[in-house]
Amino acid sequence: MLRFLKLFLIIFLILFFLIGGLRVALLIGTEKYIKTYDSVDNIPVVMVPGAGLLRDGTPSSPLRDRLDAAAKLYKEGKVQKILLTGDNRFENYNEPGAMQRYLIEKGIPESDLVLDYAGRRTYDSCYRAKEIFGLHEIIVVTQAYHLPRMTFLCAELGLKTEGLPVEQSQYIRQRFLFWNFREVFATLAAYWDIYIAKPLPVLGNPEPIFK
């Protein structure tokens, strides 16, 4: 029994330092991509990743924060188009559609909103931005805990990337802690996807944003 506990402790410590080390490396390596509203460059497209819908089909608080940040960039003339990427695997769950309705209510022209219905994961959204929508550079807006992983994935998939952390509204503390905890393990998945698995997301015909 004692031998088993020692083995378990050794394995736990190895995994702890491995995952923790990868997370620290990701944070340090992506610092160069993180910008502010004042320092972000004028880039034609900003991408907004999905973050869940409420029961009534409207964007969750984290998603509204992301959309508000994108709308601010658009209204300030920093971007020309907003790429809304999210999950639409089920008929009654349409993240891009909900995001589109929210931004139209905020005064963003429908013609400048581009919908990606197959952005099921952050990896998929970055991959499709380049391969389906024909982008070579992009601004991504998301929460600070998610931004390092998203900028890492987009940059490694061939996009010149700048990341803007959004101003966060009040989130339920338990959920906020969960999202931060989840990012530690999501970092491991990001490294796995980029350097080992290299999975192909749902693709389809090219739909270049700019002809």
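The values are calculated or read from the model by the stated rules, or taken from the named source; none is laboratory data. Just so it is clear, the model here is predicted, and its values are computed rather than measured. Cβ: placed from backbone, ideal geometry, glycine included. Neighbour counts: every protein chain shown.
Among the residues of this structure, D65 does not count as one that is without any contact (Cβ under 8 Å) to a residue 60 or more places away in the chain and surrounded by 18 or more Cβ atoms within 10 Å (Cβ to Cβ). Just one residue in the set G107, G119, G134, G97 is under 12 Å from the mean Cα position of the chain (by Cα) and either surrounded by fewer than 16 Cβ atoms within 10 Å (Cβ to Cβ) or of a type outside the set (A, V, I, L, M, F, W, C) (or both); that residue is G119.
Kindly check whether there is at least one residue in region 78-91 that is farther than 24 Å from D38 by Cα, without any contact (Cβ under 8 Å) to a residue 12 or more places away in the chain and not acidic (D, E). Yes. Residues in region 169-197 that are among the aliphatic types (A, V, I, L, M), farther than 17 Å from T142 by Cβ and at pLDDT 70 or above: L177, L188, I194, I196, A197. C126 meets each of the listed conditions (1) over 27 Å from S39 (Cβ atoms); (2) surrounded by 20 or more Cβ atoms within 10 Å (Cβ to Cβ); (3) hydrophobic (A, V, I, L, M, F, W, C) apart from (1).
So is I194 touching a residue at least 40 places away in the same chain (Cβ under 8 Å), buried (at least 19 other Cβ atoms within 10 Å of the Cβ) and either in contact with a helix residue (DSSP H, G or I) (Cβ under 9 Å, 6 or more places away or on another chain) or assigned to a strand (DSSP E or B) (or both) or not? Considered against the rule, which asks whether it is touching a residue at least 40 places away in the same chain (Cβ under 8 Å), buried (at least 19 other Cβ atoms within 10 Å of the Cβ) and either in contact with a helix residue (DSSP H, G or I) (Cβ under 9 Å, 6 or more places away or on another chain) or assigned to a strand (DSSP E or B) (or both), I194 comes out as no. Within the option set G52, G57, being over 19 Å from T122 (Cβ atoms) and of a type outside the set (V, I, T) holds for one residue only, G57.
Taken residue by residue, region 143-161 has no member that is small (G, A, S), over 27 Å from V24 (Cα atoms) and modelled with pLDDT under 95. Residue check, D41 against (1) in contact (Cβ under 8 Å) with a residue 40 or more places away in the chain; (2) within 19 Å of T85 (Cβ to Cβ); (3) surrounded by fewer than 20 Cβ atoms within 10 Å (Cβ to Cβ); (4) among the charged types (D, E, K, R), all met but one. Which one? In the conditions (1) in contact (Cβ under 8 Å) with a residue 40 or more places away in the chain; (2) within 19 Å of T85 (Cβ to Cβ); (3) surrounded by fewer than 20 Cβ atoms within 10 Å (Cβ to Cβ); (4) among the charged types (D, E, K, R), D41 misses (2) alone.
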